[in-house]
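These notes concern the structure reproduced below.
Values quoted throughout were computed directly from the atomic coordinates according to the rules given, and no laboratory measurement underlies them. Note that the structure is a prediction, hence the values are computed from the model and not measured. Counting neighbours? That spans all protein chains shown, and the Cβs are built from the backbone with ideal geometry, glycine included.
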Amino acid sequence: MKIEHVAFNVEDSRALADWYATHLGMTIVRSIEEAPYIRFLADSDGTTLLEVYSNPLGEYVQYGTFHPVTFHIAFTVEDMDGTRQRLEEAGGKIDGEVEVTALGDKLGFVRDPWGNAVQLVQRKNPLMR
């Protein structure tokens, strides 16, 4: 089996999807314009999907209150410092310092405008191709 998507119930799925598309290079591949305002977002190579929606039947978990290692969405980057600065200028918030692992990978966190943790990963040797 292959994972089709991972879904998150968020308070403002339309705004979050737009921010992720504009600033994280995702593409909105399906949109439902009435409640619960579902958005499917594909990553830059179209192999990973996130679904965000605003459904009052479920809870809106405030992930921004958790340490970023509790929950985060990770994106590969080629320029850690430049990407962190660009996301901060776009309304994100830097969360901690960049860590360099024993394998030479750079890891850094930025909070999106709603407080969700976005991990930026600059791998010395990519995990996937």
| Reach of LYS124 by Cα under 21 Å, taken over lysines that are not fewer than 8 positions away in the same chain | LYS106
| said: Please give me the summed charge of the neighbours of TYR60: other residues whose Cβ is under 12 Å from its Cβ, Lys and Arg +1, Asp and Glu -1. | reply: -3
| task | Be a star and scan the range 1-35 for residues whose amide nitrogen sits under 20 Å from the point 7 Å along the Cα-to-Cβ vector of ASP105. | result | 3, 6
| note | Gyration tensor on Cα atoms of the range 71-122, a ≥ b ≥ c root eigenvalues, a/c under 1.5 rounded, else prolate if a/b beats b/c, else oblate, says prolate
| said: As an exercise, use a Förster radius of 41 Å and the Cβ-Cβ distance of ALA90 and VAL69 to find the FRET efficiency, rounded to the nearest 0.05. | reply: 0.95
| remark: The answer for the net charge of residues other than ARG111 whose Cβ lies under 9 angstrom from its Cβ, with Lys and Arg +1 and Asp and Glu -1, is -1
| Burial ordering of SER13, SER31, fewest other beta-carbon atoms within 10 Å first | SER31, SER13
| task | State the label only: which of (i) 10, 28, 24, 17, 14, 6, 0; (ii) 12, 48, 36, 4; (iii) 12, 42, 36, 9, 1 corresponds to P(r) over Cα pairs in 10 Å bins from 0, in percent computed from the shown model? | result | (iii)
| remark: For the chain, the longest principal axis of the Cα atoms and the Cα long axis of helix 13-23 enclose an angle in degrees, to the nearest 10, of 30
| field | Theoretical ellipticity at 222 nm over the chain - DSSP helices of four or more residues, -39500 (n - 2.57) apiece, nearest 500 | value | -5000 deg cm²/dmol
| Could you put PHE8, PHE40, PHE66 in order, starting from the residue whose Cβ has the fewest other Cβ atoms within 10 Å? | PHE66, PHE8, PHE40
| query | Expressed as an acute angle from 0 to 90° and rounded to the nearest 10, what is the orientation of the C-alpha long axis of helix 80-89 relative to the principal long axis of the chain? | reply | 40
